[in-house]
Amino acid sequence: MNDSRTIAAKKHGKIFDPIAIVREYGVLIIIALLLIVLTFASNSFLTPRNLLNIVNQSAPLMIIACALTLVIIGGGFDLATGAIFGVAAVSAGWIATNIDPYLAIISGPLIGLMLGTLNGLIITTFNVHSFLVTLATSLVYRGIAILITGGSLIPVRIEQFSWLGRGRIGMVNIAVIVLVVFMIAMMVLLNRTTFGRRVFAVGGNEEAAILSGIRTNLVKTVTFAISGAAAGLAGVITVSRLSMAEPQAGAGFELEAIAAVILGGTAISGGAGAIWRSVAGVLLMALIGNGFNILNVNPFFKDLTTGVIIVIAVALAASKPRR
């Protein structure tokens, strides 16, 4: 009798399972704990200015992570986002100083879109794993960035260009507003459109998706195109904020974005995930960095802490029972 009641309760979701709750909302729980600890540890942490600064500084990485979530849910892997970020950044900087600052702002995402599309076409046309293709193209794109600048920095001190990274509406940076708009757009695309359902289908079981009539190559190419456009947008925001474009800009961003996506709980094997999870993953990493800076702790412990949390997140995800 007890067994039958337990089974019935499970079917109706009435059994309290703390492990399942931690697995599902672990990143939010850790963020809440960090907020509490850092609030008591420093009076300067829980202030509107500091919190807005954390989000503003993390906006480029959050934008990349949002788009990368689509790639990973679709069963792909993009190691070229950092290099695309660099190409878009130096291209936008050069265009802003030599042609037109407003054209520069538009050109960054467009250049990223083209490079991301190229990645997707190579992957689908030659049926090569995305890890290998994007690893190779990242080296090519980084070389292009160096060719554009000659290895030098490009100063971009133009008001018509810097408003994107430095401008504010009230207390909120324009970059944060761009992030929110982009995040909402990605959430709608993934959860409210036919394309989003196809992304989940391709990542969950590509063979079944093909049999059901989904053009899997097109879906994968579009996810890489979006990822490239996001990297380009992030590059423009960063150059606009720093008033300086450099060929090595964005180095390591791809690994940070992947770590954030995994940390948020999106399945690295594809087929499951959410945009908010990746944003939460970036926010968690940013909070760790901000907290360690405020407390003046050795940066080694920041990386150690982040690494341990990622390992725990992966372990929890791997322990999730398959349906």
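Summary table
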quantity: Carbon and sulfur %, accessible surface of the stretch 98-161 computed with the full protein complex present, 1.4 Å; calculated: 72 percent
quantity: Calculated [θ] (222 nm, deg cm²/dmol) that DSSP helices of n ≥ 4 give over the chain, each run adding -39,500 (n - 2.57); calculated: -25500 deg cm²/dmol
quantity: Where the stretch 98-256 is the region considered: accessible area per residue in Å², 1.4 Å probe; calculated: 51 Å²
quantity: Tail beyond 16 Å, pair distance distribution of the stretch 228-323 (Cα, percent); calculated: 64 percent
quantity: Kyte-Doolittle mean at least 0.5 and Cα axial length at least 24 Å: DSSP H helices in the chain; calculated: 18-41, 48-73, 81-98, 101-126, 130-149, 174-191, 216-242, 275-294, 299-318
quantity: Rounded FRET efficiency, nearest 0.05, which uses the C-beta distance separating residue 169 from residue 44 and R0 of 25 Å; calculated: 0.55
quantity: Choice from 233, 113, 153 with maximal GNM fluctuation in the chain (Cα, 10 Å cutoff); calculated: 153
quantity: Per principal axis, descending, Cα span of the chain in whole Å; calculated: 79, 56, 35
quantity: Accessible area of the stretch 189-228 belonging to carbon and sulfur atoms, whole % at 1.4 Å probe; calculated: 52 percent
quantity: Gaussian network model of the chain, springs between alpha carbon atoms under 10 Å - residue of 92, 231, 209 with greatest fluctuation; calculated: 209
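The values are calculated or read from the model by the stated rules, or taken from the named source; none is laboratory data. In this text, all values refer to a predicted model and were calculated from it rather than measured experimentally. Reconstructed Cβ throughout: ideal geometry from the backbone, glycine too, with neighbour counts over all protein chains shown. What goes into the accessible areas is simple: the full protein's heavy atoms, side chains included, and nothing from ligands, DNA or RNA. Shrake-Rupley method; radii C 1.70, N 1.55, O 1.52, S 1.80 Å.
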